[in-house]
1. For region 30-62, how many residues are within 25 Å of K161 (Cα to Cα), hydrophobic (A, V, I, L, M, F, W, C) and free of Cβ contacts under 8 Å to residues at least 60 places away in the same chain?
2. State all residues of region 123-175 that are in a loop (DSSP other than H, G, I, E, B) and among the basic types (K, R); if no residue qualifies, say none.
3. Consider N22 carefully, then state whether it is modelled with pLDDT of 95 or more, of a type outside the set (D, E, K, R), assigned to a helix (DSSP H, G or I) and within 22 Å of the chain's Cα centre (by Cα).
4. Would you please name the residue that is surrounded by the most Cβ atoms within 10 Å (Cβ to Cβ), looking only at residues in region 144-156 that are touching a residue at least 12 places away in the same chain (Cβ under 8 Å) and aliphatic (A, V, I, L, M)?
5. When you go through V89, V95, V65, V52 one by one, which is the residue that is out of contact with any Pro (no Cβ under 7 Å at 6 or more places or on another chain), in a helix (DSSP H, G or I), modelled with pLDDT under 55 and within 14 Å of V23 (Cα to Cα)?
Amino acid sequence: MDPMLIHACETLVIDWTHQINNVLKEDSASPILQGLNPLPSNEFDFWNNRLVNLEGLYAQVQYSVLCTQTETSLQCSPGFQPHLPLFSVFIFFPVNSSQTLREARDVVMYLKPVQKILDAVGQTEYAQLITHIRAVMHTVSLTWANSEYYCRPARIVVILKEICNLFIDMVVHSVSSALCCSDLKSTLE
């Protein structure tokens, strides 16, 4: 087999493995850790996108042509010594990806009720916010209690912080609106 073709296949596998690792390392807490103040929609979008990405990657891993190309590359290159960390990630990726895929499915499923109630909260006026807080916290606690993967403090803290950011935004918007109305009223008088 052509050494250039073997090198191209090996490079493709290496690049693909780096892309997989980047997807697996993504964390929904990143915006918070960067000092931003994301809203809950950020968490919902992150997990929905992660699920789509992982399903795509998992389908690629399951695709036998890639495995065949890798085997062919290894068999045709007698002097080739695979770089162990790279190929250990590649070889064990189906196991890791299936667990990560299960996690994403679990989280998306349990965040849907939270998203639904927060969408309703986002449509309410600030004065009515207090009537929804109990339902929001109850729904979050159900997610905490029932999700296999979202029951970790590092996960639940993210959504709680984002919910707080939503409430803060609602307060700021309400106060800003009240001040604008007050300024407008005093200007008109």
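1. Total meeting the criteria: 5.
2. R152
3. Values: modelled with pLDDT of 95 or more: no; of a type outside the set (D, E, K, R): yes; assigned to a helix (DSSP H, G or I): yes; within 22 Å of the chain's Cα centre (by Cα): yes.
Criteria not met by N22.
4. I156
5. Residue meeting the stated conditions: V89.
The values are calculated or read from the model by the stated rules, or taken from the named source; none is laboratory data. For clarity, every value in this text was computed on a predicted model and none was experimentally measured. Cβ atoms come from the backbone with ideal geometry, glycine included; neighbour counts cover every protein chain shown.
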